[in-house]
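Student: Pasting a structure here, questions to come.
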Amino acid sequence: MTLKRRFAAGTAATLTSLVGSVFLISGPASANICSVTPKAGVSAVTVRNDKTTSASAAGTLNAGQYIRSSCSSESGGYYTACGATTDRWIWVDYGLFARYVAAQCVRVVVDRVGT
């Protein structure tokens, strides 16, 4: 085999392995992106610095606004709001830090991001 053919064969093998690796590394293309907005009838929701009502407010999410969030809730401090008592909070991307909103008062929307 000539040097030119060896180089071509080696290059083809390298490209094949790289292309195969890209598909293995990339993972599933169907990962969900979620956001939250206040539920119908809720005019505004407080965005808090932690998962408790005693945490300071970082801002407000008004009706009609959307903010990027996790797709599920997590436990935190108990609160009574929006017709129920619960300990469920949703992480939101607010400013430079993770913040939280009361899960009972928001609606999670899958595959929509924006304000």
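The values are calculated or read from the model by the stated rules, or taken from the named source; none is laboratory data. The structure presented is a predicted model; accordingly, all values stated were derived computationally and were not measured. For neighbour counting, all protein chains shown are included, and Cβ atoms are generated from backbone atoms with ideal geometry for every residue, glycine included.
Student: Go through the range 80-105 and count every residue that is surrounded by 16 or more Cβ atoms within 10 Å (Cβ to Cβ) and not charged (D, E, K, R).
Tutor: Result for the range 80-105: 13.
Student: Here is a further query. Out of all the residues in the range 28-42, is one or more part of a strand (DSSP E or B), β-branched (Val, Ile, Thr) and under 23 Å from Val110 (Cβ atoms)?
Tutor: Checked the range 28-42: at least one residue is part of a strand (DSSP E or B), β-branched (Val, Ile, Thr) and under 23 Å from Val110 (Cβ atoms).
Student: Just name the residue that is farthest from Ala102 (Cα to Cα) out of those in the range 30-55 that are hydroxyl-bearing (Ser, Thr, Tyr) and surrounded by fewer than 21 Cβ atoms within 10 Å (Cβ to Cβ).
Tutor: Ser30
Student: Would you check if there is a residue in the range 61-79 being modelled with pLDDT of 95 or more, of a type in the set (Phe, Trp, Tyr) and surrounded by fewer than 16 Cβ atoms within 10 Å (Cβ to Cβ)?
Tutor: Yes - at least one qualifying residue is present in the range 61-79.
Student: Just checking, how many residues over the range 72-108 are touching a residue at least 12 places away in the same chain (Cβ under 8 Å), out of contact with any Asp or Glu (no Cβ under 8 Å at 6 or more places or on another chain) and among the hydroxyl-bearing types (Ser, Thr, Tyr)?
Tutor: So the answer is 4.
Student: Here's a check for you: in the range 59-83, which residue that is outside any strand (DSSP E or B) and among the polar types (S, T, N, Q) is farthest from the chain's Cα centre (by Cα)?
Tutor: If we take residues in the range 59-83 being outside any strand (DSSP E or B) and among the polar types (S, T, N, Q), then Gln65 is farthest from the chain's Cα centre (by Cα).
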